[in-house]
Amino acid sequence: QYRRARLLDYTSDKGGGGKYQSYKGSGVCLYLPQDSNRPEFWTDLAYDPTKPIVITEGEFDAISAHSRGLPCMAIAGVSMFLERKRNAQVVARPGNDIIWRSREVFICFDMDAESTPEQPWKPSVQAAGQKLAMALALLGANVQVINLAKTTVGRAHLGEKMGLSEYYMWGGTTKELWHCKEPLDFGSGDLLPLLDRYANYRGKVLDCDTGT
């Protein structure tokens, strides 16, 4: 069973870990906010690839967005979308039950002190965003970014850290988020052409002579 706790007495000067910690053996899990008024929301969405999904970091940001009509799930950290299972990397539960092919997926990571409308993520987060986008692209998803630094609230708070919780608390709207989507910057741009040119195989290596 997956369990994750928030340390209410956490301060950044303690060191030795973040303000959230998962129980040993929990593995990796995606967080899907639940709504008692829409109990079948995620089940219906999982099997309908015409509906978009927004992926953010942190449970509270996902709750804030989901309660305002954004189909938003959360990863526990910017690089926690896949888990290792049977010597392979697979989508963390319950995302392994979602049809990703042909679905529009939007990555909405937090805005940091270094973020600008032209460069929404700092380099370390950019690398994690590219890795997440590549994993989604391999599943057949159409991936874009929601750039919080381009929003009205984001421009007013440049130089500060802002996730979706702060975005809504400071007066942001779901409608504007949809107008701040953009393609993901892959740097040199070499990676996506490689996806089109080469097949990607996950599993045991095949013997070229026997085909087994």
**Asked** Can you give me the relative contact order of segment 1-98 as a percent, contacts being Cα pairs under 8 Å and 6 or more apart?
**Response** 26
**Prompt:** Within segment 75-109, what residues put their amide N at less than 20 Å from the label point 7 Å along the Cα-to-Cβ vector of N142?
**Reply:** 98-108
**Asked** Of the accessible area of segment 1-138, with the probe set at 1.4 angstrom, what percent is carbon plus sulfur?
**Response** 50
**Asked** What number, in percent, do you get for the relative contact order of segment 42-180 if the mean sequence gap of Cα pairs under 8 Å and at least 6 apart is divided by its residue count?
**Response** 27
**Fill in**
To the nearest 20 debye, segment 8-124 has a Cα-centred charge dipole, built from +1 on Lys and Arg Cβ and -1 on Asp and Glu Cβ, of 540
**Request:** Could you list the GluC sites (Glu not before Pro) in segment 27-97 that lie in coil according to DSSP, counting only those with at most 10 other Cβ atoms within 10 Å of their Cβ?
**Result:** E40
**Item:** Heavy-atom accessible area per residue - segment 30-94, 1.4 Å, Å²
**Value:** 51
**Prompt:** Cα-Cα over 32 Å: which of K24/K131; K24/K150; K122/K175?
**Reply:** K24/K150
**Request:** With unit charges on the beta carbon (Lys/Arg positive, Asp/Glu negative), name the residue among H66, A88, V28 whose Cα is farthest towards the positive pole of the charge dipole of segment 1-137.
**Result:** A88
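The values are calculated or read from the model by the stated rules, or taken from the named source; none is laboratory data. Quantities reported herein were computed from a predicted structural model and do not represent experimental measurements. Using ideal geometry, Cβ is built from the backbone for each residue, glycine included, and neighbour counts are taken over all protein chains shown. Note: accessible area is taken over every heavy atom of the protein model, side chains too, but ligands, DNA and RNA are not part of it. Shrake-Rupley method; radii C 1.70, N 1.55, O 1.52, S 1.80 Å.
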